Amino acid sequence: MNFVMDLTVQEFLEMHAKSRMIPGSAAVVEKCFAVANSLAGGEKFTLDTKVTQLSGGQSRSLMIADTALLSSSPPIILIDELENAGIDRREAIEILVGNEKIVLMSTHDPLLALRADKRIVIRNGGA
């Protein structure tokens, strides 16, 4: 994931909240930032960090928090191999589902797949 805007994390979140006309956006931005840092685990970042300076895991944690808390649509989220995102994958799924998102996910992690309500198992490449 690459950002092309030279904004701080705070500017990015505020811009998105403003574009969605979210009431009480300052509190939502703060919550989104806290959730993103929680997902990032040991790779904490600040509100003053430029989005272009975030690592891959930090970027993904920011976007999952942003999608869960600032985006009322889309209600359906498609995630490819969350286990390779460098973030707390179980917490990420809980945050998305807890914010009324339907998560469709491809994974090679059998434990993550077993946590799903429904599963489709493809063996031998689906041939």
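The values are calculated or read from the model by the stated rules, or taken from the named source; none is laboratory data. Note that this is a predicted model, so its numbers are computed, not measured. As a convention, Cβ positions derive from the backbone with ideal geometry for all residues, glycine included, and neighbour counts pool all protein chains shown. Just so you know, the surface numbers come from the protein's heavy atoms only, side chains and all, with ligands and any DNA or RNA stripped out. Shrake-Rupley method; radii C 1.70, N 1.55, O 1.52, S 1.80 Å.
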Open item on the list: Return the residues of the stretch 47-56 that are in contact with a helix residue (DSSP H, G or I) (Cβ under 6 Å, 6 or more places away or on another chain) and not in a loop (DSSP other than H, G, I, E, B); say none if nothing qualifies.
Closed with: Val51
- [ ] Within the stretch 66-75, track down each residue that is within 22 Å of Ser55 (Cα to Cα), in contact with a Lys or Arg (Cβ under 8 Å, 6 or more places away or on another chain) and in contact (Cβ under 8 Å) with a residue 40 or more places away in the chain.
- [x] Leu69, Leu70
TODO: Considering every residue within the stretch 95-106, establish whether at least one is within 11 Å of the chain's Cα centre (by Cα) and either assigned to a loop (DSSP other than H, G, I, E, B) or among the acidic types (Asp, Glu) (or both).
DONE: no
- [ ] Could you check, for the stretch 6-13, whether at least one of its residues is open to solvent by 20 Å² or more (accessible area, probe 1.4 Å), of a type outside the set (A, V, I, L, M, F, W, C), in a helix (DSSP H, G or I) and modelled with pLDDT of 90 or more?
- [x] yes
Open item on the list: Looking for something in contact with a strand residue (DSSP E or B) (Cβ under 6 Å, 6 or more places away or on another chain) and either loosely packed, with under 13 Cβ neighbours inside 10 Å or closer than 23 Å to Glu94 by Cα (or both) - is there at least one such residue anywhere in the stretch 28-39?
Closed with: no
TODO: For Leu78, state whether it is open to solvent by 30 Å² or more (accessible area, probe 1.4 Å), in a strand (DSSP E or B), over 19 Å from Met5 (Cβ atoms) and without any contact (Cβ under 8 Å) to a residue 60 or more places away in the chain.
DONE: yes
Task: Conditions (1) touching a residue at least 40 places away in the same chain (Cβ under 8 Å); (2) of a type in the set (A, V, I, L, M); (3) buried (at least 19 other Cβ atoms within 10 Å of the Cβ); (4) part of a helix (DSSP H, G or I): number failed by Ile87 - done: (4)
- [ ] Would you point out the residue of the stretch 40-60, among those that are touching a residue at least 12 places away in the same chain (Cβ under 8 Å) and open to solvent by 50 Å² or more (accessible area, probe 1.4 Å), that is nearest to Ile77 (Cα to Cα)?
- [x] Arg60
